[in-house]
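The values are calculated or read from the model by the stated rules, or taken from the named source; none is laboratory data. Only a predicted model underlies this, so the values are computations on that prediction, with no experimental measurement involved. Counting neighbours? That spans all protein chains shown, and the Cβs are built from the backbone with ideal geometry, glycine included. Remember, those area values only see protein heavy atoms, side chains included, never the ligands or the DNA or RNA. Shrake-Rupley method; radii C 1.70, N 1.55, O 1.52, S 1.80 Å.
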Amino acid sequence: MAPDTQSALWIKDPLAILADGAERGILVEDGRIVELVGSGREPRTSAFKTFDAGAHVVLPGLINTHHHFYQTLTRAVPAALDRELFPWLQALYPVWARLTPEAVDASSTLAMAELMLSGCTLTADHHYVFPKGVEDGIDIQVAAAKRLGLRVLLTRGSMNLSQRDGGLPPDSIVQDEDTILADSERVVARYHQAGDGAMIQLALAPCSPFSVTTSLMRATADLAERLDVRMHTHLAETEDENRYCLEIHRCRPLDYLEECGWLSGRTWLAHGVHFNTAEFPRLARAGTAVTHCACSNQVLASGTCSVCALEEAGVAVGLGVDGSASNDCSNLMQEVRSAFLLQRGRYGIGKVSHRDALRWATKGSAACAGRTDVGEIAIGMQADLALFRLDELRFSGAGDPLAALVLCGAHRADRVMVSGRWIVENGQIPGVDLADLMRRHAAAARKLQE
Ligand SMILES: [Zn+2]
């Protein structure tokens, strides 16, 4: 891939763009957006190359804030079909326990490729399965992200509460607290970049209240504070989890989170389906954000996140495709449509528009990731962009190009830019042989499911 971040580039005369005052496009230089070109104007700078965006709808790069890349290896597994979260997990844990380094590499690369081709420029991942031999799972993911040029927020996940101790996962896929904390510190020290423009960031992510001890939750919060990184976990996903917390911890999931020192501005939570209205302002006051996973919540019949009520209370809400065993795909643009449909169905016409759904996947997701340099097309922001063409059957005859992306079901970006560099061109990822990647990935999946 030829990096082209030095000279200025005018992304000229887009068919439509999700930004005010940029009717004639934007100027990108040194990885940032340096100028919005309004109607009837030319860029102020004279030395620039031009990209004709006349056939493109330009969005801020979409941001995925919850995923488990390795789960692309267990899509539509017969034993897990038609099950709710707890039995679904119990069917899959023994399969995931057979992960290998090659399987982590193939699944991470494939999931990221899938995301990039759907318009994603920054993705989180929550990797919490470290069976014997896969202790360097995060290192493998970092290497894959660097090869692809995608911006990532990789979370060092963990599980240390197995069936033996009253948890849900089998003994073979949990690690002990000291191992988890030491490796968390190691990967943050080795890979985490702070500040504007960071390509690789790390966060700490115990899996859930039913697979992690209270001691590990607290120690992780202390470590995140000391290392100045974000914290992530699943919370309030199902009624089963509410019952588990009431029975084991004698409180609701959010009370438990607070008790562990996690109700914090460092935290973003996956799902947040089963919070009650009294809990919304507590999340808002703490600055804790929520990732809405519309597809996953529908597949597992977990319930519907109260996105509008959360936002009205002041909670930032982003989107996540969630692990591919519960979605079962990693297409972020399709997730935008799914969130739009689900939330409009819940709240009605006046409350949810296609622009809201696009905002959740950009500004909202940026807040989840704790970033102020991405998620918006504005001067000074990172040049992270997703460009879609409308020359497919599904768009034919469409009126409003931005609305068409969501309503007609856009699913494949034509071009994607991260930090001023094209990582997707003409619907392809330069340097990646997708057919070969699929062969490698399918072989790893077969091996795992055998
Ligand atoms: Zn998840």
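In the stretch 328-435, inverting the average of 1/r over every pair of distinct C-alpha atoms gives 15.2 Å as the Kirkwood radius. The value of relative contact order for the stretch 50-179, using C-alpha pairs under 8 Å at least six residues apart, is 27 percent.
Please give the peptides 417-423, 154-160 ranked by average Cβ packing (other Cβ atoms within 10 Å per residue), highest first, as a rough proxy for protection.
Working: 417-423: 23.3, 154-160: 26.9.
Going from most to least packed, we get 154-160, 417-423.
Figure note: GLU450, GLU237 ranked by solvent-accessible area, largest first, 1.4 Å probe, ligands and nucleic acids not counted: GLU450, GLU237.
Just the projected area, averaged over all directions, of the convex hull on the alpha carbon atoms of the stretch 208-254: how many nm²? If you can, show how the numbers build up before the last one.
On the way: hull surface 13.1 nm².
The Cα convex hull of the stretch 208-254, projected and averaged over all directions, gives 3.3 nm².
Can you tally the net charge around HIS271? Count Lys and Arg as +1, Asp and Glu as -1, for every other residue whose Cβ sits under 11 Å from the Cβ of HIS271.
Numbers: positive: none; negative: GLU237, GLU241, ASP322.
Every neighbour counted, the sum reads -3.
As a test of reading the structure, rank THR291, THR214, THR50 by solvent-accessible area (1.4 Å probe, protein chains only), most first. Write down the numbers at each step before the final one.
Working: THR291 0, THR214 35, THR50 80 Å².
Most to least solvent-accessible, the answer reads THR50, THR214, THR291.
If each residue of separation counts as 0.36 nm, what is the full-extension length gain between TYR347 and GLU177 once their alpha-carbon separation is subtracted?
56.9 nm
The convex hull defined by the C-alpha atoms of the stretch 8-64 has an orientation-averaged projected area of 4.1 nm².
Over the stretch 377-439, all Cα pairs binned in 10 Å intervals from 0 give whole-percent P(r) values of 19, 37, 34, 9, 0, listed from short to long.
Which residues does the label zone of ASP400 cover in the stretch 317-354, counting backbone N under 11 Å from a point 7 Å along Cα→Cβ? Zone members listed by number: 353-354.
Tell me, what does the Kirkwood hydrodynamic radius of the stretch 276-356 come to in angstroms if you use every pair of distinct C-alpha atoms? Mind showing how you got there, number by number?
Numbers: mean 1/r = 0.0766 Å⁻¹.
Here the Kirkwood hydrodynamic radius works out to 13.1 Å.
Just so you know, the averaged projected area of the alpha carbon convex hull for the stretch 57-204 sits at 9.9 nm². For the chain, the share of alpha carbon pairs falling in successive 10 Å distance bins from zero is 5, 22, 33, 26, 11, 3, 0 percent. Which of the aspartates and glutamates could a cross-linker span from LYS363 if the Cα-Cα distance has to be under 16 Å and same-chain partners fewer than 8 positions apart are dropped? By straight Cα distance, LYS363 reaches ASP20, ASP196, GLU311, GLU312, GLU335, ASP373, GLU376, ASP384.
Taking the C-alpha atoms only, the angle from helix 177-191 to the longest principal axis of the chain is near 20 degrees. When the solvent-accessible area of the chain is split by element, carbon and sulfur atoms take up 50 percent of it, the probe being 1.4 Å. Remark: accessible surface ordering of ILE11, ILE349 (largest first) is ILE349, ILE11, probe radius 1.4 Å. Rg then Dmax, both in Å and based on the Cα atoms of the stretch 43-123: 19.4, 62. Since only GLY265, CYS245, CYS305 are under comparison, the one whose Cα sits farthest along the positive direction of the charge dipole of the stretch 221-339, derived from C-beta charges on Lys, Arg, Asp and Glu, is GLY265.
What do you get when you divide the Cα radius of gyration of the stretch 194-299 by 2.2 N^0.38 Å, with N the number of residues? Intermediate results must be reported in sequence, preceding the final value.
Values: Rg = 13.8 Å, N = 106, 2.2 N^0.38 = 12.9 Å.
The stretch 194-299 yields a ratio of 1.07.
Comparing Cα centroids, the stretch 68-102 and the stretch 400-450 end up 22 angstrom apart.
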